[in-house]
1. Please work out if K164 is over 17 Å from A266 (Cα atoms) and free of Cβ contacts under 8 Å to residues at least 12 places away in the same chain.
2. Free of Cβ contacts under 8 Å to residues at least 60 places away in the same chain, under 23 Å from P162 (Cβ atoms) and touching a Lys or Arg at 6+ places or on another chain (Cβ under 9 Å) - does that describe any residue in the stretch 103-110?
3. Before we move on, is A373 crowded, with 22+ Cβ neighbours inside 10 Å, touching a Phe, Trp or Tyr at 6+ places or on another chain (Cβ under 9 Å) and modelled with pLDDT under 95?
4. Just to confirm my filter: which strands (runs of 3 or more DSSP E) fall fully inside the stretch 289-354 and include at least 2 residues that are within 27 Å of P114 (Cβ to Cβ) and not basic (K, R)?
5. Being touching a strand residue (DSSP E or B) at 6+ places or on another chain (Cβ under 6 Å) and over 19 Å from L324 (Cβ atoms) narrows it down to one residue among A224, A179, A246; which is it?
6. Please give the number of the condition S277 fails out of (1) closer than 27 Å to N94 by Cβ; (2) not in a strand (DSSP E or B).
7. Would you confirm, using the coordinates I've provided, whether L120 is within 20 Å of the chain's Cα centre (by Cα), over 26 Å from D240 (Cα atoms) and surrounded by 14 or more Cβ atoms within 10 Å (Cβ to Cβ)?
8. Tell me which strands (runs of 3 or more DSSP E) are completely within the stretch 100-143 and hold 3 or more residues being of a type in the set (G, A, S), or say none if there are none.
Amino acid sequence: MKRSPGTVFFALCIAGGVLVTAYLLYARKRLQPPPSPVSISTPLPDSAPENVDIPAAADTEVAATPATSASSVAVDDAAQTRPRTARRLFFRHNGVDSHYGQVGWVDVAHVNKPHFVEALTCEVVYVSGGRGICLSADRGVFTTYMARLFDARTFKVTASFPLKGIPSRARVSIDGTLAASTVFVSGHGYTTLDFSTQTLLIDTRTGSMLADLEDFEVRKEGAAIKDADFNFWGVTFTADASRFYATLSTGGQHYLIRGDIATRTADVIHENVECPSLSPDGRHIAYKKRLHDGDRILWQLHVLDLASDRELALSEKRSIDDQLEWLDDRTVLYSVPSADDGSSPSTDVWMASVDAAVAPRRFLAGAYSPAAARCRNAADCAAAN
C-alpha cells in the first residue's frame, strides 16, 4: 500500500521527537550531581552521607611564612574578620536542562540540593557581602551584554549597565561595596595575545563606575610603565576593599599587580600570574600559571605565598582556564568541562587542596563561576529560600 507524503512526514516527526527525548534523558542522567563532600581537609571517599558538617579551616599555612619585613606584602588585618569556611556557594548553572544559565546556590554541606533563581540568567556571576553581580548576554539579531547588580538575600536587581563586550570575570568585595567586571572588547579567550579587555571597578551602592583599570598608573620596580597593549583582568579585592590584585598583560608577559583604589596606582609584584584569587586569610594568591607545550598554551594551578614570594604547584594537572575561588584557606574551587572531548556545553566545579598529596575531586556537577559567599555580618549572607 502506497503511503501519502503527509503520512511519511508525520512518521518522521514522531521518530525525531523520540530521538530528541532520548538524548535529553541521557544528558540529564550524565549530569546527575556527585555525592556530597565530606571534610574539606581530607580526600573525598567514593560516597558520603548527604548531610555532612564541614569544619572551619585549620590555621596552618601553605608553607612556613617568615616574619614580614618592610619589603614584604603586609597581611590585611581586616581579613581576620572574614569567615574561614564558606557555608553557601553561588554559581551559574551549566547543566543541560531547563535551568541552564540561571544563578544557582547550594549550602556547602548539602550540594545535592541546588536552588535556582529563575529571574537571573548570567554568563558569569559572583556574590559576596550580601551583594551579587551578574554579567549576561542577550543573543538576538545583534548580541548585547549587560551587568546587573543584585541583592543576594532577595535577588532583586538594584542597578544595571551595558557592557562593551563578552563577559569574562567578575568579583565582589567582602563588604559588598565594590564589584569588578572584565569583558573581551575584542577576541574571546586568553589562549592568544590577540585580544583586548576592559576591566571596571563599580560602586555597588550606586551602580556607578568608579574606575577603569586602564586609567591606573602602573609601576614596575618603582618606574611607571605604559604600553599600547595593556590589558587587565581577574580582579580580587582585599578584605578592607581599599586594594585589589589583578593580572596585567603587556609585551607578551603576564604580571600580578597590587592596586590602590584611592590613589589610582598599581605595582607589579610577581610574574606569570593570571586570574588571581586572594585567600580568606589574605596571605595567599591562587592563580593559573601559563605554560607552553609547543604551540599550545596550557595553565597549571599554583598558589603564591605573598609574604615569602614562594610558589606552590597544586595537584591538578589538567589545563584550567578559570579564576579560582577559595572555599577555605586551604581549598580552591574551579570549573572544568564535563566532557573531556568538549562534546557537552556543561561544566563541573572541582576542588583541590593546597596539600599536593590530596587528589582533586569533583565538588558540584553542572556548575560554573563558583562564588563562596562570605560576609562581615551573617545576616548579609542569608539568601532567600
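1. No.
2. yes
3. Yes; evaluated as a whole, the condition is true for this residue.
4. By residue number, 325-328, 331-337, 347-353.
5. A224
6. With respect to (1) closer than 27 Å to N94 by Cβ; (2) not in a strand (DSSP E or B), S277 is out only on (2).
7. The answer is yes for L120.
8. Ranges flagged: 131-139.
The values are calculated or read from the model by the stated rules, or taken from the named source; none is laboratory data. Values in this document were obtained by computation on a predicted structure and should not be read as measured data. Backbone-built Cβ (ideal geometry, glycine too); neighbour counts: all protein chains shown.
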